[in-house]
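Everything below concerns the one structure shown next.
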Amino acid sequence: MKKCSLLLLLSLFIASCDAPRDRRTAYSSNSYDQSQGYYNLPNSNGTVTTGGSDSSSDDSSDDSDDASDSTIPTEIQHCSWSSDGVNGFAESSSHLGQYTLCQSTNKKDVWIQVKTPITDSQVCIIPTHNSGSASVYIGEPRCLMISDSKKIYKVTLYTNRTGYTNFSITGAMVMKDKAYFYPSPFYQYVLSPDAYIYCSQFLDQYKDSSYCNAFKSVGQYVYKVF
């Protein structure tokens, strides 16, 4: 009964704070064509393909597998990418493994590449705004499947949380869209994006960090400051 009551409370609280969220919108028809949602890194003959568009090529005399600046979209050339899907990733975590998460120069788009494809769930990216040592989420989760280590996936983020629409995106929370067991006061299995959103809203409304402490203790997320 206690678990059922808590689940009902969680559902009611989230519903009362923000409009219904659809985490599975990163590749929906209302955002952008999935065929345009990734960037293929160079193949063996040096060509580079963007989904659904014409191929371009770098100097064919260069047999290096490393992607040159000319093969990467200008908006993300400031970040480190793996041309072979094995080496060159910018960061590593126990949750995602080796990865690169990069904010585009337009500030609304982020691009992500992972060494180990994630096939058992979508990966959700939630935009945040940082102020000193604190951060707050400012928009809905945007989720996608990351199934190829040699593709750089693009996700457009929205700053559509009520009361935070004028905040700039200065970071992101990244997590698998999977249920994990969270200790007290959750004391139940919760999808990680829901656990994070709930703890953040509870902290804002009641100045109570207990749910966020429980979320952090499980450690199934990556926090990135841009």
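The values are calculated or read from the model by the stated rules, or taken from the named source; none is laboratory data. Please read these numbers as outputs of a predicted model, since none were measured by experiment. Cβ atoms come from the backbone with ideal geometry, glycine included; neighbour counts cover every protein chain shown.
Given the range 137-226, what strands (runs of 3 or more DSSP E) lie entirely inside it while holding 3 or more residues that are under 30 Å from residue 88 (Cβ atoms) and of a type in the set (A, V, I, L, M, F, W, C)?
Values: elements: 142-146, 151-156, 171-176, 179-182, 188-191, 222-225.
Fully inside the range 137-226 and qualifying: 142-146, 171-176.
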Check your understanding: Which of (1) buried (at least 20 other Cβ atoms within 10 Å of the Cβ); (2) farther than 30 Å from residue 77 by Cα does residue 221 not meet, given it meets every other one?
Key -> (2)
Point to revise | Of all residues in the range 113-133 being under 17 Å from residue 170 (Cβ atoms), of a type outside the set (Ser, Thr, Tyr) and at pLDDT 95 or above, the one that is surrounded by the most Cβ atoms within 10 Å (Cβ to Cβ) | key: 127
Exercise for review: Consider residue 138 carefully, then state whether it is buried (at least 22 other Cβ atoms within 10 Å of the Cβ), closer than 30 Å to residue 202 by Cβ and at pLDDT 95 or above.
Suggested key: yes
Point to revise | Number of the condition not met by residue 183 [criteria: (1) surrounded by fewer than 22 Cβ atoms within 10 Å (Cβ to Cβ); (2) touching a helix residue (DSSP H, G or I) at 6+ places or on another chain (Cβ under 7 Å); (3) in contact (Cβ under 8 Å) with a residue 60 or more places away in the chain] | key: (3)
Revision key, fill the gap. (1) buried (at least 16 other Cβ atoms within 10 Å of the Cβ); (2) without any contact (Cβ under 8 Å) to a residue 60 or more places away in the chain; (3) over 15 Å from residue 121 (Cβ atoms) all hold for residue 160 apart from (1)
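Conditions (1) touching a Cys at 6+ places or on another chain (Cβ under 9 Å); (2) at pLDDT 50 or above; (3) closer than 20 Å to residue 143 by Cα; (4) outside any loop (DSSP other than H, G, I, E, B), marked per residue:
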| position | (1), (2), (3), (4) |
| --- | --- |
| 44 | no, no, no, no |
| 52 | no, no, no, no |
| 65 | no, no, no, no |
| 80 | yes, yes, no, no |
| 87 | no, yes, no, no |
| 105 | no, yes, no, no |
| 110 | yes, yes, yes, yes |
